[in-house]
Amino acid sequence: MTPALKGTTLDGKHADIARMRGDVVVINIWGSWCAPCRKEAPELRKLAEKTEPLGVHFLGIDIRDNRTAAKAFERNFGITYPSIYDPDSRTVTGFKQLAARAVPTTYVLDKQGRVAALSIGPLTYQDFHPIIKDIAAENS
């Protein structure tokens, strides 16, 4: 089971993964300074758009970054899902043995909050869309 995961988003709102329980949640750990994150951003945007009708939620965790650069990153890549602003990387320490060893890292949590898929490094729409779709279809 995943730990509690909550914080303040780049827009100053509160995000709490507990509110998303019962739905599939994709958590992406990123930073605007990360070249592979820039490579995968369009892929994540497309995944979020295409899987939203399936009830899938996306939540970013922006680490080791400054708010201005992070907000510019989201604007430039058209990212509309929320990201927790975590400049000290404290939010991700709750993952313990699942803690990101590289940036970007993406977790797909099933409807019970368990890690059902993991991508270390930049993912692609083509590879991850069927995985998310299958996880979203479980117990529907």
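The values are calculated or read from the model by the stated rules, or taken from the named source; none is laboratory data. In this text, all values refer to a predicted model and were calculated from it rather than measured experimentally. Counting neighbours? That spans all protein chains shown, and the Cβs are built from the backbone with ideal geometry, glycine included. To get the accessible areas, we keep the full protein, side chains included, count just its heavy atoms, and leave off ligands, DNA and RNA. Shrake-Rupley method; radii C 1.70, N 1.55, O 1.52, S 1.80 Å.
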query = Counting only residues that are under 21 Å from Ile17 (Cα atoms) and small (Gly, Ala, Ser), how many does the stretch 52-82 have?
reply = 3
query = When you scan the stretch 124-140, how many residues do you find that are within 14 Å of Glu43 (Cβ to Cβ) and either open to solvent by 10 Å² or more (accessible area, probe 1.4 Å) or in a strand (DSSP E or B) (or both)?
reply = 8
ask   = Does Lys111 qualify as being part of a helix (DSSP H, G or I), basic (Lys, Arg) and either open to solvent by 50 Å² or more (accessible area, probe 1.4 Å) or touching a residue at least 40 places away in the same chain (Cβ under 8 Å) (or both)?
value = no
task = Check the stretch 55-70 and report whether any residue there is charged (D, E, K, R), within 18 Å of Pro122 (Cβ to Cβ) and not in a loop (DSSP other than H, G, I, E, B).
result = yes
ask   = Could you count how many residues in the stretch 64-80 are buried (at least 19 other Cβ atoms within 10 Å of the Cβ) and hydrophobic (A, V, I, L, M, F, W, C)?
value = 3
message = Just to verify a result, which residue in the stretch 13-45, among those that are part of a loop (DSSP other than H, G, I, E, B) and closer than 15 Å to Asp65 by Cα, is most open to solvent (accessible area, probe 1.4 Å)?
response = Trp33
Number of positions in the stretch 105-140 that are aromatic (Phe, Trp, Tyr) and either more than 15 Å from the chain's Cα centre (by Cα) or within 14 Å of Arg21 (Cα to Cα) (or both) = 0
ask   = Taking the stretch 50-63 as the search range and keeping residues that are surrounded by 14 or more Cβ atoms within 10 Å (Cβ to Cβ) and free of Cβ contacts under 8 Å to residues at least 60 places away in the same chain, which one is nearest to Lys111 (Cα to Cα)?
value = His57
